[in-house]
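Report on one structure; see the data block that follows.
The values are calculated or read from the model by the stated rules, or taken from the named source; none is laboratory data. Values in this document were obtained by computation on a predicted structure and should not be read as measured data. Please note: Cβ atoms are built from the backbone with ideal geometry, for glycine as well, and neighbour counts cover all protein chains shown.
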Amino acid sequence: MTLYQLHELGRHWMAPWVHLADANARIFSDPNSWLSALPGAERVSAYNELLHRLGKDYEKPAWGIHEVEVGGHAVPVIEQEVIANPFCRLLRFKRYTDDAANIKRMKEDPAVLVVAPLSGHHATLLRDTVRTLLRDHKVYVTEWIDARMVPLAAGEFGLDDYIAYIEQFIRHIGAGKLHVISVCQPTVPVLAAVSLMAARGEATPRSLVMMGGPIDARSSPTAVNGLATRNSLAWFESNVIHTVPAPYPGEGRRVYPGFLQHAGFIAMNPSRHVMSHWDYYSDLVKGDLQDAEAHRRFYDEYNAVLDMPAKYYLDTIRTVFQEFLLPRGKWKVKGEPVAPAAIKKTALMSIEGELDDISGPGQTAAAHGLCTGIPKARHAHLTVQGAGHYGIFSGRRWREVVYPQVRDFIAKYA
């Protein structure tokens with residue numbers, strides 16, 4: 001029996017106990033239940049609630065972006081599927097209004113393609129990024145598909161295919177009016193895609209905003225980089241690649257399973273997660289429902305993971321983290337050399353978090369040294385003081401410090 005099958009067996013075996021814990025949590029906390037009046041009922045309820053959340057399945061969260069404020073008015077937002085590829089959907093969040101002034105303004109707003117990472121979590125991790133951008137932009141976003149849900153007949157998906165998808169999306173939206181924002185992992189394939197398009201003489205986006213990505217993973221290496229350099233590609237293939245079992249549509253597909261990725265996320269800082277769950281238990285006992293709800297919102301997103309296609313994952317480990325082909329000028333995609341110096345008409349902005357422990361300081365800024373064809377006046381860099389990896393694209397620092405500068409940079413080249 002494979003590791004993936006054992007995981008599924010354990011998940012199904014635990015399901016009745018997880019559901020029972022959920023029922024107990026509700027019974028001992030419902031004011032209409034006589035059990036909630038028993039001494040210690042709040043502790044029993046909190047314990048069962050914690051047990052339920054530790055054992056439950058976390059499905060892909062909804063985007064939940066239904067309206068946004070534009071020009072001082074709340075306008076409805078509709079999620080539209082623009083392109084449906086086997087491994088990725090291109091979504092647009094379209095704003096609607098009947099206010100004439102707002103209609104005129106929104107028609108003139110720049111178009112932005114947000115390229116979400118394919119690195120374990122769902123694209124909804126960028127919900128705050130997208131919601132904030134919608135104030136002043138037409139927003140498209142890549143939504144990567146869980147590989148276990150992609151039938152084997154769809155074929156393999158590697159890093160070259162990822163780049164081809166980005167090129168397709170840029171062409172479809174129209175490069176001449178487009179600004180591209182890449183967050184974390186996609187900074188590398190996005191830079192490759194635009195470089196290839198420029199070398200062929202195709203139109204390229206008006207601007208690129210690269211946020212916290214491993215353009216040159218040799219700079220300020222982190223624990224993530226260390227794992228990739230300590231182990232061979234064969235080690236990764238033997239230890240983290242597994243086959244999707246029945247009854248998933250992707251049965252037989254080789255993947256890096258989400259449950260292994262999640263274990264890796266937790267292992268990076270286990271004490272912080274233990275304390276977070278202890279605080280959650282304490283908040284439930286005390287009746288601090290606001291803090292408890294904040295915990296739920298965070299972990300509903302954090303615990304929802306997807307399987308990555310094996311070829312794509314191994315390609316990324318080799319190309320980005322072991323051989324550093326992009327900064328060394330040695331990368332070829334389907335025979336075409338990736339030459340960032342070919343980009344001449346696209347403005348470039350890099351953003352890094354001072355305390356980023358995933359993509360260390362200097363890794364993203366390395367893009368400027370590669371894109372020598374872009375005039376110096378069209379380069380910009382921002383280091384966000386006190387921000388970690390997630391802080392540069394989500395939360396208060398993103399909204400109050402980073403976004404105003406991104407908005408102004410895009411407006412300058414719109």
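Residue by residue, here is whether (1) surrounded by fewer than 24 Cβ atoms within 10 Å (Cβ to Cβ); (2) in the same structural domain as Thr364 (by TED's automatic domain parsing); (3) assigned to a helix (DSSP H, G or I); (4) modelled with pLDDT under 95 holds:
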site: Val139; (1), (2), (3), (4): no, yes, no, no
site: Arg148; (1), (2), (3), (4): yes, yes, yes, no
site: Asp161; (1), (2), (3), (4): yes, yes, yes, no
site: Arg171; (1), (2), (3), (4): yes, yes, yes, no
site: Leu191; (1), (2), (3), (4): no, yes, yes, no
site: Ala203; (1), (2), (3), (4): yes, yes, no, no
site: Met210; (1), (2), (3), (4): no, yes, no, no
Can you tell me which of Ile78, Ile83 is surrounded by 15 or more Cβ atoms within 10 Å (Cβ to Cβ), over 20 Å from His273 (Cα atoms) and of a type in the set (A, V, I, L, M)?
-> Ile83
Would you point out the residue of the stretch 361-414, among those that are in a helix (DSSP H, G or I) and among the small types (Gly, Ala, Ser), that is farthest from Ser195 (Cα to Cα)?
-> Gly391
Restricted to the stretch 5-57, and to residues that are among the aromatic types (Phe, Trp, Tyr) and under 25 Å from Arg297 (Cβ atoms), which residue is farthest from the chain's Cα centre (by Cα)?
-> Phe28
What residue, of Arg89, Arg135, is in the same structural domain as Gly395 (by TED's automatic domain parsing) and part of a strand (DSSP E or B)?
-> Arg89
Which residue, of Arg253, Arg272, is modelled with pLDDT under 90, charged (D, E, K, R) and not assigned by TED's automatic domain parsing to the domain that holds Pro340?
-> Arg272
Quick one: in the stretch 276-312, of everything that is under 25 Å from the mean Cα position of the chain (by Cα) and acidic (Asp, Glu), which residue is surrounded by the most Cβ atoms within 10 Å (Cβ to Cβ)?
-> Asp307
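So, Thr187, is that one of a type in the set (S, T, N, Q), surrounded by 22 or more Cβ atoms within 10 Å (Cβ to Cβ), within 18 Å of the chain's Cα centre (by Cα) and in the same structural domain as Arg206 (by TED's automatic domain parsing) or not? Full working, then the answer.
Values: of a type in the set (S, T, N, Q): yes; surrounded by 22 or more Cβ atoms within 10 Å (Cβ to Cβ): yes; within 18 Å of the chain's Cα centre (by Cα): yes; in the same structural domain as Arg206 (by TED's automatic domain parsing): yes.
It is true that Thr187 is of a type in the set (S, T, N, Q), surrounded by 22 or more Cβ atoms within 10 Å (Cβ to Cβ), within 18 Å of the chain's Cα centre (by Cα) and in the same structural domain as Arg206 (by TED's automatic domain parsing).
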Going through the stretch 313-367 one residue at a time, which ones are surrounded by fewer than 16 Cβ atoms within 10 Å (Cβ to Cβ), among the hydrophobic types (A, V, I, L, M, F, W, C) and at pLDDT below 95?
-> Leu355
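Within the stretch 232-263, work out how many residues are part of a helix (DSSP H, G or I), of a type in the set (Gly, Ala, Ser) and touching a residue at least 40 places away in the same chain (Cβ under 8 Å).
Here is the first cut: in the stretch 232-263, the residues part of a helix (DSSP H, G or I) are 233-239, 258-263.
If we keep only those that are of a type in the set (Gly, Ala, Ser) too, we end up with 234, 238, 258, 263.
Within this subset, residues satisfying the condition of being touching a residue at least 40 places away in the same chain (Cβ under 8 Å) are 258.
Of the residues in the stretch 232-263, 1 are part of a helix (DSSP H, G or I), of a type in the set (Gly, Ala, Ser) and touching a residue at least 40 places away in the same chain (Cβ under 8 Å).
Would you check which residues across the stretch 327-359 are touching a Cys at 6+ places or on another chain (Cβ under 6 Å) and either outside any helix (DSSP H, G or I) or over 24 Å from His179 (Cβ atoms) (or both) and list them?
Taking the stretch 327-359 first, the residues touching a Cys at 6+ places or on another chain (Cβ under 6 Å) are 340, 343, 348.
Those that are touching a Cys at 6+ places or on another chain (Cβ under 6 Å) and either outside any helix (DSSP H, G or I) or over 24 Å from His179 (Cβ atoms) (or both): Ile343, Leu348.
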